[in-house]
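These notes are about the structure you will find just below.
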Amino acid sequence: MNAIKWNNNELIILDQRKLPLTTSYIKCKSYKTVIDAIYTLSVRGAPLIGIAAAYGMVLAAIESQKLPKSRQKDFIINAGNKLKNTRPTAVNLSLVINKILKLTEKSDLKNIINILLKEATDIDKEDQILCDEIANNGIELFKNKTNLKILTHCNTGSLATQGIGTALGIIKKLNLNKQIKCIYIDETRPLLQGSRLTAYELNNEKVPCKLITDSTAAFILKKEKIDAVIVGADRIASNGDTANKIGTYGLAIAAKFHNIPFYIAAPSSTFDFNLKNGNQIIIEERDSKEIKEYNNKEISPKEIDVYNPAFDVTDNTLITGFITEKEILYPPYDISFLKLK
């Protein structure tokens, strides 16, 4: 399953807004089309947003060729800043763009398209490798265990990365080892990325699973013998406070109360060591229509005010450990995180 693909100077994006009912693609010939795809969640998932933005910078470099040489680099830099500001919470986006902006400033205009394309392709390939390494580390937590019941939130698979995924990558490998009894999938409000995307992925790969509402999760943790909760992340502060899709914080509290391990699966690029704690993470807010409308029809009073954050922040004290491509990191995080620097 390829959520994005570079082909003949075009970035082809699987439109995730229409899944699972319709499979359609967006062909991006301009960086502005990539911006729109990221903003509207046609492409989403912290690692994949970064990769899409990298290819968006290649498109900007191609577009810049129509301008006088004196204006080409400014055009690319301006495109990078616009891409970087499209979604503020996921750190991968700004990390990738900042890297490519530095590369742009020191590159020769004659070769800049090939230079940026090689960088984007390298980032793409690296993500595939990181996903495998995260999954290999994660399955070690469940060595020699069978009939596993795991709960997950949002979508962290092949639709959020260029590989098998982070949290879902672990789950997929456990399933290949015939260790899974049931994966409980939160629907994940407000955009239902669990019910639309995770359910779609796991169903396609024949992983035993059940879809539940977000408000059912705490009851499942109480009622069923859940072995672990595994989720992804969009930004992790230096103390371990973690931003992830809204609902993660409440899930972590419920897991703590029921003595169920709560793991974050994420590559080292998701760790933001410039932030001391989660209070410094910018939380993106989404359009009120995502809650007030269904199938483009209003289901709430027009006058009602809406608070629609896309993410929440889970305190480090609620997190059992971080499953990274290097190893699993445990508290105290101020010490274990040093291994990532």
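The values are calculated or read from the model by the stated rules, or taken from the named source; none is laboratory data. On a predicted model such as this, the values are computed, not experimentally measured, just so you know. Please note: Cβ atoms are built from the backbone with ideal geometry, for glycine as well, and neighbour counts cover all protein chains shown. Remember, those area values only see protein heavy atoms, side chains included, never the ligands or the DNA or RNA. Shrake-Rupley method; radii C 1.70, N 1.55, O 1.52, S 1.80 Å.
No solvent, one uniform scatterer per C-alpha: report log10 I(q)/I(0) for the chain via the Debye equation at q = 0.06, 0.16 1/Å, two decimals. Rounded to two decimals, the profile gives -0.21, -1.40.
Find which of I299, Y333, H258 sits farthest along the positive direction of the dipole of segment 256-341, computed with +1 on the beta-carbon of Lys and Arg, -1 on that of Asp and Glu, about the Cα centre. Comparing the listed Cα positions along the dipole, Y333 ranks first.
Within the listed set E303, E290, E325, the Gaussian network model of the chain (springs between alpha-carbon atoms below 10 Å) gives the highest mean-square fluctuation for E303. In the chain, the longest principal axis of the Cα atoms and the axis of helix 112-139 are about 10 degrees apart. For segment 79-95, backbone phi angles converted through the Karplus equation (6.51, -1.76, 1.60; θ = phi - 60°) give residue-by-residue couplings of 4, x, 5, 5, 4, 4, 8, 5, 9, x, 7, 6, 6, 4, 4, 5, 4 Hz, Gly and Pro being listed as x. Within the shell of other residues whose beta carbon sits under 11 angstrom from the beta carbon of D186, the net charge comes to +1, with Lys and Arg scored +1 and Asp and Glu -1. Each of T166, V207, N114 was placed along the dipole of the chain (beta-carbon charges, centred on the mean Cα), and the one lying farthest toward the positive end is N114. For the chain, the antiparallel share of DSSP beta bridges with both residues in that region comes to about 50%.
The radius of gyration of the Cα set in segment 143-340, together with its Dmax, comes out at 16.8, 56 angstrom. Split the accessible area of the chain by element, probe 1.4 Å, and carbon with sulfur accounts for 49%. Close amide-amide hydrogen proximity is noted between E285 and A310, each under 5 Å apart and 5 or more residues distant or on a separate chain (H modeled in the peptide plane; Pro and chain starts excluded). A cut-off under 13 angstrom between Cβ atoms defines the neighbours of K29, and their net charge, with Lys, Arg +1 and Asp, Glu -1, is 0. Taking each of K210/K326; K69/K341; K27/K66; K18/K84 in turn, the alpha-carbon distance tops 27 angstrom for K210/K326; K69/K341.
Count Lys and Arg as plus one, Asp and Glu as minus one, and take only other residues whose Cβ is under 12 Å from that of S195; the net charge is then -1. In a simple Cβ point-charge model (Lys, Arg +1; Asp, Glu -1; nothing else charged), segment 1-96 has a dipole of about 160 debye relative to its Cα centre.
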